[in-house]
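Worksheet: one structure, shown below.
The values are calculated or read from the model by the stated rules, or taken from the named source; none is laboratory data. Note that the coordinates shown come from a computational prediction; the quantities given were computed from them, not determined experimentally. A quick note on method: Cβ atoms are made from the backbone with ideal geometry, for glycine too, and the neighbour counts reach across all protein chains shown. All accessible areas refer to the heavy atoms of the entire protein, side chains included, with ligands and DNA or RNA removed. Shrake-Rupley method; radii C 1.70, N 1.55, O 1.52, S 1.80 Å.
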Amino acid sequence: MRYKVKDVAAVIEGFAPLSVQEGWDNSGLCVGSPEDEVTSVLFALDCTPELVDEAIDCGADMIITHHPLIFSGLKKISPDDLTGAAVMKAIRAGISIYSAHTNADKVLSGVSGAMASRLSLQNVEILDMDVDGTGLGVVGDLPEPLTPEQALALVKEKFSLEVVKASRPGDGLISRVAVCGGSGGSLIGAAKRAGAQLYISGDISYHNFFTPEGFMIMDIGHYESEIEIVDILFSLIKKNFPTFAVRITQNLNSNPIYYYF
């Protein structure tokens, strides 16, 4: 049986409907036609010119990422621009590019749900719920209360981190934890209202680290909080299209932030 881009998109959108994405987002198909045939898919967090080169080399005719290649209108498409270079290479090679971004953030089994699973959170529910039952972030309970120091060690272990940015550790125990993948500074208030003693996300700004007693923030990084969605999307397509040649990029670490120790 021959499959098309629209068939692959339908499976992803069954998991994370495009209708729930944030208004500023650009999830979905950004390069290619829904009618293009697909036999091989390459997965990554970000679509870069190097990723398109990899797709060409491995024979993939579709790229699926978490972050959209195009967020807003392009005034020009030029090889001198990273986005333009990726678009040009993909079009010349006949490669379709699709992303599942905030729609994959807002379903319980998506980005934030994967973070909760890493920490073995229980009684997990959406942190900032929309009227349709989806929403950003999740909150849940640890299997047993931890000291701030124990919580730091757990987070570093479960997310394979060498460094964590955190607010001042308090004296109390942590039993309820809220998490949000990506840039989650806007949900700090929601985490407090949900009764969390710890909030874990990425891209937290300086002043938010001045936290009240009994509430702690950990910034584990944007990339680090979201990377598991690549495996989730990969498994989804592999399960539904067993005849496809599916692969995760050989250069998975597309994090533009470098840490020096």
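Put simply, the Cα atoms of the chain extend 58, 37, 31 Å along their principal axes, the longest span coming first.
Note on region 134-255: with neighbouring protein chains present and a 1.4 Å probe, carbon and sulfur make up 52 percent of its accessible heavy-atom surface. Taking amide hydrogens as placed 1.01 Å from N in the peptide plane, the amide H of Val38 sits under 5 Å from those of Tyr3, Lys4, Val5, each at least 5 positions away in sequence or on another chain.
For region 1-130, the fraction of 1.4 Å probe accessible surface lying on carbon and sulfur atoms is 50 percent.
With the Kirkwood sum run over all distinct C-alpha pairs, region 57-133 has a hydrodynamic radius of 15.2 Å. Taking loop as defined by DSSP and a crowding limit of 10 other beta carbons within 10 Å, which trypsin sites (Lys or Arg not before Pro) in region 29-136 fit? The qualifying sites are Lys75, Lys76. For Ala55, the shell of other residues with beta-carbons less than 11 Å away shows a net charge of -3, using +1 for Lys and Arg and -1 for Asp and Glu. In a DSSP loop and with at most 14 other Cβ atoms within 10 Å, the chymotrypsin sites (Phe, Trp or Tyr not before Pro) in region 1-77 are Trp24, Phe71.
Net length available on complete extension from Lys4 to Asp53 is 15.5 nm, with 0.36 nm assigned per residue and the Cα-Cα distance removed. When the chain is treated as a Gaussian network with alpha carbon springs shorter than 10 Å, the biggest mean-square fluctuation among Phe210, Phe241, Phe159 belongs to Phe210. Using θ = phi - 60° in the Karplus curve 6.51 cos²θ - 1.76 cosθ + 1.60, the 3J(HN,Hα) couplings for region 100-107 round to 10, 9, 5, 5, 7, 6, 9, 9 Hz; x is entered for Gly and Pro. Rolling a 1.4 Å probe across the protein heavy atoms gives region 5-98 an accessible surface of 45 Å² per residue.
When all alpha carbon pairs of region 100-167 are counted in 5 Å bins from zero, the resulting P(r) reads 4, 17, 23, 21, 19, 11, 5, 1 %. Among the GluC sites (Glu not before Pro) in region 135-172, those located in a DSSP loop and surrounded by at most 12 other Cβ atoms within 10 Å of their own Cβ are Glu162. Leaving out ligands and nucleic acids, note down the accessible area per residue over region 108-199 with a 1.4 angstrom probe, in whole Å². Result: 46 Å² of accessible area for each residue. Each residue, Ile257 and Ser40, gets one label point 7 Å from its Cα in the Cβ direction; the gap between the two is 3.4 nm.
Given a 1.4 Å probe and the protein chains as shown, Asp7 ends up with an accessible area of around 50 Å².
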